[in-house]
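Colleague: One structure, pasted below without further comment.
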Amino acid sequence: MKKIALVAVLMAGSMFAASLEKSTNEELYAMMANADAKTLSDIAFEIDKRVGELKAQIKDTKRGFKSEMRKKLEAMSAADRYKFMQDFRTGYNEKVSALSVKDADRLDIELKKMDDDFDKHRHEGGFMDGKKFDKKHD
């Protein structure tokens, strides 16, 4: 009898977890009003899983973009690379400038800096890693 009760509890728990996975965010929020601590912990865990998945997708997207950008830049001469990055920043900044301040803040998007003294900076990270590219662009 105890085994049957335990199996029933486990099945109910797994069915509840499955229902959380299929619930929309709004449905999860609605469940919170009358939820006990256990249910709230399940909802919080489900939300954290969703956020974690989104963060992983963001990292993968950024890594892929940076990798392809790096390949493109490595194939260019220093002068071509410098010109390309100026054009890239100009185009990017035009898009950012078209956003409202509210949207830019919400999306966490900022203007790309334009360096006139490009060759005097030590570039680490981003697209122009000083360890990978020569700094002369003449």
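The values are calculated or read from the model by the stated rules, or taken from the named source; none is laboratory data. Model, not experiment: these values are computed from the prediction. So basically every Cβ, Gly included, is an ideal-geometry build from the backbone, and we count neighbours across all protein chains shown.
Colleague: Looking only at region 60-83, count how many residues are assigned to a helix (DSSP H, G or I) and either in contact with a Ser or Thr (Cβ under 6 Å, 6 or more places away or on another chain) or surrounded by fewer than 10 Cβ atoms within 10 Å (Cβ to Cβ) (or both).
Modeller: Total satisfying the criteria: 1.
Colleague: Quick one: in region 11-26, of everything that is more than 23 Å from the chain's Cα centre (by Cα) and closer than 15 Å to SER41 by Cα, which residue is modelled with the highest pLDDT?
Modeller: Here the answer is LEU20.
Colleague: Can you pull out the residues in region 103-114 that are among the hydrophobic types (A, V, I, L, M, F, W, C) and surrounded by 11 or more Cβ atoms within 10 Å (Cβ to Cβ)?
Modeller: Those that are among the hydrophobic types (A, V, I, L, M, F, W, C) and surrounded by 11 or more Cβ atoms within 10 Å (Cβ to Cβ): ALA104, ILE109, LEU111, MET114.
Colleague: Name every residue in region 85-102 that is hydrophobic (A, V, I, L, M, F, W, C) and either exposed (fewer than 10 other Cβ atoms within 10 Å of the Cβ) or assigned to a helix (DSSP H, G or I) (or both), in order of residue number.
Modeller: Hits for region 85-102 are MET85, PHE88, VAL96, ALA98, VAL101.
Colleague: If ILE43 meets every condition in (1) part of a helix (DSSP H, G or I); (2) modelled with pLDDT under 90; (3) not polar (S, T, N, Q) apart from one, which number is that one?
Modeller: Tallying (1) part of a helix (DSSP H, G or I); (2) modelled with pLDDT under 90; (3) not polar (S, T, N, Q), ILE43 fails exactly one: (2).
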